[in-house]
2 protein chains.
Amino acid sequence: MTKYKKHERQEILLTRINEDPFLTDEKLADIFKVSIQTIRLDRLELSIPELRERIKNVATEEVDKIKSLSLQEVIGEIIDIDLNAQALSLFIIEEGHVFERNEIARGHFLFAQANSLCVAVINRPLALTKSAEIEFIRQAKLHDKVISKAVVNEMDNNKAAITVESKVDGRLIFKGRFVMYYSNEGDEIG
Amino acid sequence: MTKYKKHERQEILLTRINEDPFLTDEKLADIFKVSIQTIRLDRLELSIPELRERIKNVATEEVDKIKSLSLQEVIGEIIDIDLNAQALSLFIIEEGHVFERNEIARGHFLFAQANSLCVAVINRPLALTKSAEIEFIRQAKLHDKVISKAVVNEMDNNKAAITVESKVDGRLIFKGRFVMYYSNEGDEIG
DNA sequence: CCTCATTTAGTAGTTGGTACTAAAATCAGT
DNA sequence: ACTGATTTTAGTACCAACTACTAAATGAGG
């Protein structure tokens, strides 16, 4: 239980505060068994803002994140659309979408992109997926830009058949055939 | 531009602070053209905490949300598992999972639950979805508790066939047949 | 005009700091 | 063991944004 050296302590301090930004100087002084002044000097040298600033930052940052997450409601960004005919979307694979171990995208995000695109191309108050046959052909990896294309093959009064193909760098990674149910008013299915 | 009456002012104060929790008493006093003391009395009567408390609340709330979202990495909570044989998971439909308009769950979350469950039941370093046939039988609504059951039908050296059924209150809402690819080391697919 | 509610003023004390000065302790090298 | 630099403490004054309290001023209505 020897005390850390300055440099050592500062490194740990950084990660500690990163993990838990809600730590006061007093608590930190307690943790490292040094005086409050030492902690303050450390923060000064590492230009770590004071507790209140840190909390404020968390509060404002996370408000932004929530906004961008509700944007993720429709997964992927629609880049071209020809209503009831075809549509294109772009989805960039980020940290949250992959298996930690190998950075391969989880299948359901690719499905979600395709599914969202089907909902979008059928622009109705109610559009639900009825069934789908899908195939994962190749892996998508972290930071890949996935371009998904949906083409409406058939449409009748309340159903549409849509095929979706997703590609990374022009290579097919996913394809699916979706049957969508839709209506113009708030009908019930099943 | 007459001054508000007490009650009136307090109502507006409430909504104002709700909209923007980062307002100091000083700014609020300025807005309502009253003294700081009046604002403090108002907050006391309405039991609105002080600025710093409010900011802290925002920060902690949002930290919780982020945590529950990275937990969403595996969508749904696994409640029972018999490796390579079958597994059960629970997924509660929340605000972020439904269409705003009608509070019906987006299909890809139900798919994600099923897909995650398939990955979980095949407990291998690499387990990827190869293909799936799925059917959405009935809608799931906001706050529904969806129980998903995966049963492994066949397994060979590197593939498994799994059927999944999801129910709400015992009624079938989704079913799917998944083919999963897996390996014990970091092999490549395709 | 009197009275009760409302508003404002002012003081002391709190938390979690900054900014600064200065003393004490520790360490490194000779 | 001594010196000089580095590091750590100690201590003071000050700040924001309050709470908690007392007391005075200002309304508004009967």
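Laboratory data are not the source of any read-out in this text; all were calculated from the coordinates shown. What you see is a predicted model, and the numbers here were worked out from it, not measured in a lab. Cβ atoms come from the backbone with ideal geometry, glycine included; neighbour counts cover every protein chain shown.
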So how tilted is helix B:107-121 from the main axis of chain B? Cα-based, degrees 0 to 90, rounded to 10.
50 degrees
I need the calculated FRET efficiency for the pair B:ILE81 and B:ASP169, taking r as the beta carbon distance and R₀ as 22 Å, to the nearest 0.05.
0.45
Theoretical FRET efficiency, 1/(1+(r/R0)^6), r = Cβ-Cβ of A:LYS3 and B:GLU100, R0 45 Å, to 0.05:
0.20
How high is the relative contact order of chain B, in percent, with contacts defined as C-alpha pairs under 8 Å that are six or more residues apart?
17 percent
Which one, A:GLY107, A:LEU44, A:ILE79, is farthest towards the positive end of the dipole of region A:8-144 when Lys and Arg carry +1 and Asp and Glu -1 on their Cβ?
A:GLY107
For the protein assembly as shown, what is the mean residue ellipticity at 222 nm derived from helices alone (per DSSP H run of n ≥ 4: -39500 (n - 2.57); sum divided by total residues; nearest 500 deg cm²/dmol)?
-11500 deg cm²/dmol
Residues of A:97-109, mean number of Cβ from any other protein chain within 10 Å of their own Cβ, rounded to a whole number?
5
Under the Kirkwood approximation applied to all pairs of distinct alpha-carbon atoms, what is the hydrodynamic radius of chain A in Å?
20.2 Å
Can you list the distances in nanometres, one decimal and ascending, from the B:ASN18 label point to the identical position in each other copy, with the point 7 Å along Cα to Cβ?
3.9
Ascending list, in nanometres, of distances separating the B:LYS159 label from those of the other copies (7 Å, Cα toward Cβ)
2.8
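Tell me the Kirkwood radius of region B:6-70: reciprocal of the mean inverse pair distance over distinct alpha-carbon atoms, in Å.
Here the Kirkwood hydrodynamic radius works out to 12.6 Å.
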Would you tally the net charge around B:ALA87, using a Cβ to Cβ cut-off of less than 13 Å, leaving B:ALA87 out, and scoring K and R as +1, D and E as -1?
-3
Given points 7 Å out from each Cα along the Cα-Cβ axis, report the A:THR24 to A:ILE12 separation in nanometres with one decimal.
2.2 nm
Whole percent per 20 Å bin, from 0 to the bin with the longest distance: what is P(r) over all C-alpha pairs of the protein assembly as shown?
23, 42, 29, 5, 0
So which GluC sites (Glu not before Pro) in region A:111-190 pass both tests, a DSSP loop state and at most 11 other Cβ atoms within 10 Å of the Cβ?
A:GLU185, A:GLU188
Let me check against my output: what whole-number percent is the relative contact order of region B:90-186, with C-alpha pairs under 8 Å and at least 6 apart?
33 percent
Kindly count the pairs of lysines across region B:6-70 whose alpha carbons are less than 23 Å apart, treating pairs on different chains or eight or more residues apart as eligible.
5
Lysines near B:LYS167 by alpha-carbon distance under 23 Å, same-chain residues fewer than 8 away left out - which ones?
A:LYS130, B:LYS141, B:LYS145, B:LYS149, B:LYS175
Which cross-chain or sequence-distant (5 or more) residues have an amide H under 5 Å from the amide H of A:ASP144, H modelled 1.01 Å from N in plane?
A:ILE93
Mind checking the mean number of beta-carbon atoms from other chains within 10 Å of the Cβ atoms in A:133-141?
5
How crowded by other chains is B:86-92, given as the mean number of beta carbons from other chains within 10 Å of each beta carbon?
0
Computed magnitude of the charge dipole of region B:98-147 (debye, nearest 20; Cβ of K, R +1, Cβ of D, E -1):
100 debye
